[in-house]
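This report concerns only the one structure given below.
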Amino acid sequence: MRQLSALDAQFLHVETATTVAHVAGLAVLDPADGAVDRDSLAALLLARLHLSPALSLRLAEVPLGLDHPYWVADPAFDIDHHLFELTLPAPGDDRRLAEAVAEIHARRLDRTRPLWEMHLIKGLRGGRVAVYTKVHHAAIDGVSGAETLAALLDLTPDGHLPPNGTGQGHPSPPPAPRTGRRQSAKAGVATEAGVCPEASAAPEAPARPKAGAAPGTNVRPEAGAAPGTNAIPETGAAPETNAVPEAGARPERAATPKAGTGVGRNRHGR
């Protein structure tokens, strides 16, 4: 379970009867020697649904709307509620395709189910097919949308991803909330944003000098001291302090010139 951020919740609130807040994409495919049908597309989605958890999560509203909604796993997930098929009327040109896509895009998504739909559109000229997908902006952004496309599309006809290990038609648990942690350049070292990798190994600072030590000299840590710690001055000894005169001792005064030394006279005795 993960709560929507204020920005994601805003995309829900801006929707009206005439305004939608989902993002969409249209792909026109050339089947070449193969075929694209609804059954094969459904099998592909179910096998890779775990690679994009947003496709299997639905909204859970907070009572009385006192807080932002949460994303929860949909226990009644059914691919038939999200995957649809239609055929364009002849002649199947770009105008007919644009009209069909505009009509689909104008419809709001059902908030009782995961907020996405995919439409397989047939009947295009030249044996082509189109796949129109729309997902609510509260569920994905540009980066996660690109990651979803990368999970669904293959570079080779035989595919490159293993099947879903959680069971076909049973989406994986929702992802953990974002914590702001990222992986450092070295494998296995996770750091908070703004903290250097291997933060536990702090660089050693120069040790403080002991009382009476010459200025500018450093003192090495005592044997057995923890790495990275500085030597602490002895009790009662304040480093870099001047000696205090004893009680009753008169402070030194500048020496006065003796009589007859000629201090202040020139060579002519004036």
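Restricting the stretch 30-47 to residues that are assigned to a helix (DSSP H, G or I) and of a type in the set (A, V, I, L, M), the residue that is surrounded by the fewest Cβ atoms within 10 Å (Cβ to Cβ) is A43. Under the condition of being among the hydroxyl-bearing types (S, T, Y) and open to solvent by 60 Å² or more (accessible area, probe 1.4 Å), which residue from the stretch 136-178 is modelled with the lowest pLDDT? Checked the stretch 136-178; the qualifying residue modelled with the lowest pLDDT is T166.
All of A27, A54, A76, A9 fail the test of being at pLDDT below 95, in a strand (DSSP E or B) and within 31 Å of the chain's Cα centre (by Cα), apart from A27. Within the stretch 7-29, residues that are closer than 19 Å to W116 by Cβ sit with their Cβ atoms under 9 Å from residues that are surrounded by 12 or more Cβ atoms within 10 Å (Cβ to Cβ) and aromatic (F, W, Y), at 6+ positions apart or across chains, in these pairs: A21/F11; H22/F11; H22/W116; A24/Y132; G25/Y132; L26/Y132; A27/Y132. Filter the stretch 79-133 for residues that are among the polar types (S, T, N, Q) and part of a loop (DSSP other than H, G, I, E, B) and give the result. Correct list: T112 only.
The values are calculated or read from the model by the stated rules, or taken from the named source; none is laboratory data. Quick caveat, the model's predicted, so the values are computed rather than measured. FYI the Cβ positions are ideal-geometry reconstructions off the backbone, even for glycines, and counts take in every protein chain you see. Note: areas computed on protein heavy atoms with side chains; ligands, DNA, RNA excluded. Shrake-Rupley method; radii C 1.70, N 1.55, O 1.52, S 1.80 Å.
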